[in-house]
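A short write-up of the structure that comes next.
The values are calculated or read from the model by the stated rules, or taken from the named source; none is laboratory data. Bear in mind that the values here come from a model prediction, so they are computed numbers and not experimental data. Don't worry about glycine lacking a Cβ; one is built from the backbone with ideal geometry, like all the others, and counts go over all protein chains shown.
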């Protein structure tokens, strides 16, 4: 598509439930990133996929967070047993080959855990 | 990656030129300087990137002195729609981007 698409745009879930967030990157972009942004804060890196390489998971805050990227395209971020502190906007970005070539971000998924 | 420092917030009136300066004292030879803009309820948007001297596009200009330890993003004749958070980043190759808290620019009518 023309841009990075994320779904759902908003998600309200109960504490303890699992959620899945989806990211559809720009066609042909080999790199895909997940960030999260709490209210009024900067972006916190979560995970990075580059081609067929092992993902950089160094930003995942706990083992409740996981992500996969199937067929080098669509990615799913899964949060298990959600907690209230997981409430944030989750942003996905894709790039042709890393930061030097510019990221294109989606509009994000606003997750609210109640 | 080199750490960047920029003002937390700035205010400006419509029609003025706005300059946001970023410090990156530990920038490495192969690093580039990149700026992103983020409007409320949207993801950040790439606006400009440079290595040295001056870069200009339809949105902004980027001034980088010879020592490259700082850079200045210049927005000409700002309007209310330029109210946003502006992030300065130092980028190397295909490494992931690390965002700070940025500069919250508020344009006053």
Being under 10 Å from the mean Cα position of the chain (by Cα), crowded, with 19+ Cβ neighbours inside 10 Å and within 19 Å of residue A:13 (Cα to Cα) is the requirement here; does residue A:77 meet it? yes
The lone exception for residue A:43 - which of (1) closer than 14 Å to residue B:43 by Cβ; (2) under 11 Å from the mean Cα position of the chain (by Cα) it fails: (2)
Determine, yes or no, whether residue B:44 is under 29 Å from residue A:58 (Cα atoms), surrounded by fewer than 16 Cβ atoms within 10 Å (Cβ to Cβ) and under 12 Å from the mean Cα position of the chain (by Cα). no
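Every residue, every condition in (1) modelled with pLDDT under 95; (2) assigned to a strand (DSSP E or B); (3) away from chain A (no Cβ under 14 Å), yes or no:
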residue: B:10; (1), (2), (3): no, yes, yes
residue: B:16; (1), (2), (3): no, no, yes
residue: B:26; (1), (2), (3): yes, no, yes
residue: B:30; (1), (2), (3): yes, no, no
residue: B:36; (1), (2), (3): no, yes, no
residue: B:58; (1), (2), (3): yes, no, yes
residue: B:73; (1), (2), (3): no, yes, yes
Enumerated strands (runs of 3 or more DSSP E) restricted to the stretch A:24-114, each holding at least 3 residues that are in contact with a helix residue (DSSP H, G or I) (Cβ under 8 Å, 6 or more places away or on another chain): none
Could you check how many residues of the stretch B:38-56 are part of a loop (DSSP other than H, G, I, E, B) and under 28 Å from residue A:40 (Cβ atoms)? 6
Give the number of residues within the stretch A:3-23 that are within 14 Å of chain B (Cβ to nearest Cβ) and either closer than 22 Å to residue B:96 by Cα or without any contact (Cβ under 8 Å) to a residue 60 or more places away in the chain (or both). 6
